[in-house]
1. I'd like to verify a number: residues in segment 118-173 that are more than 20 Å from the chain's Cα centre (by Cα), in a strand (DSSP E or B) and in contact (Cβ under 8 Å) with a residue 24 or more places away in the chain, how many?
2. I'd like the full set of residues that are more than 17 Å from Ile99 (Cα to Cα) and touching a strand residue (DSSP E or B) at 6+ places or on another chain (Cβ under 6 Å), limited to segment 141-157.
3. Given segment 21-84, what strands (runs of 3 or more DSSP E) lie entirely inside it while holding 2 or more residues that are modelled with pLDDT of 95 or more and either in contact with a Cys (Cβ under 6 Å, 6 or more places away or on another chain) or of a type in the set (Lys, Arg) (or both)?
4. Would you confirm, using the coordinates I've provided, whether Thr107 is assigned to a strand (DSSP E or B) and among the hydroxyl-bearing types (Ser, Thr, Tyr)?
5. Quick one: would you say Lys37 is touching a strand residue (DSSP E or B) at 6+ places or on another chain (Cβ under 9 Å) and in contact (Cβ under 8 Å) with a residue 60 or more places away in the chain?
6. Could you tell me whether any residue of segment 115-136 is over 26 Å from Asp33 (Cα atoms), among the polar types (S, T, N, Q) and touching a Phe, Trp or Tyr at 6+ places or on another chain (Cβ under 9 Å)?
7. Taking the criterion of being among the small types (Gly, Ala, Ser), within 14 Å of Leu40 (Cβ to Cβ) and touching a strand residue (DSSP E or B) at 6+ places or on another chain (Cβ under 6 Å), would at least one residue in segment 82-92 satisfy it?
8. Got a sec? Which of Ile99, Ile119 is at pLDDT 95 or above and within 26 Å of Ile168 (Cβ to Cβ)?
Amino acid sequence: MTGFCTTVQQNGTQVLENRTLTNDIRSKLKGDDVVSKPSLSIGTTDTNVANVAFTFQVGGVQYSKAAVAAGTSPGTDVIPEDKYGAIALDINAAGTISIASASANATGYDSAGEAVAGIPAVASGKARMGTVSVVRAATGGFTFGTTELDDADTTTEYTDGQTSLQAIGEAIS
């Protein structure tokens, strides 16, 4: 036992790193994440965002959400012509989907990445399903909830939220 204690003292940093890793993994398992991907896409209502059936967790408790083929309305933000805008879809334990808009959608962003970065962090008690970014070259720009997501002049990108297992993978690497 003396050798073990000596090793721990000599390699205290390694023990501390293992404890940090364990705590990171534990927090991800008890967190607010999607467990399986919602596969965000255009809804049968072509101004809405659809999802397949998926599992998510809030506070470490798992829930299921049925597919929403018609889709969820993405709000009403107006994005200027040739500028990017983005929204996130979040879900709470009751299965209610809400929208979080990028803070500068009204003036637009120069790239999809900047637009997604402008979305506020997911609120406590919700899991982030994913994001949708758009840019439209046509006069008048893009209006969420009005402009069709597959409009010929629009480029739309759907990105599913990070799953619990992906989050654990990031904690390990």
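The values are calculated or read from the model by the stated rules, or taken from the named source; none is laboratory data. Just so it is clear, the structure is predicted and the values come from calculations on it, not from any experiment. Backbone-built Cβ (ideal geometry, glycine too); neighbour counts: all protein chains shown.
1. 3
2. Gly141, Asp150, Asp153, Thr154, Thr155
3. In segment 21-84, there are no strands (runs of 3 or more DSSP E) which contain 2 or more residues that are modelled with pLDDT of 95 or more and either in contact with a Cys (Cβ under 6 Å, 6 or more places away or on another chain) or of a type in the set (Lys, Arg) (or both).
4. It is false that Thr107 is assigned to a strand (DSSP E or B) and among the hydroxyl-bearing types (Ser, Thr, Tyr).
5. Yes.
6. So far as segment 115-136 goes, no, none of its residues is over 26 Å from Asp33 (Cα atoms), among the polar types (S, T, N, Q) and touching a Phe, Trp or Tyr at 6+ places or on another chain (Cβ under 9 Å).
7. yes
8. Ile119
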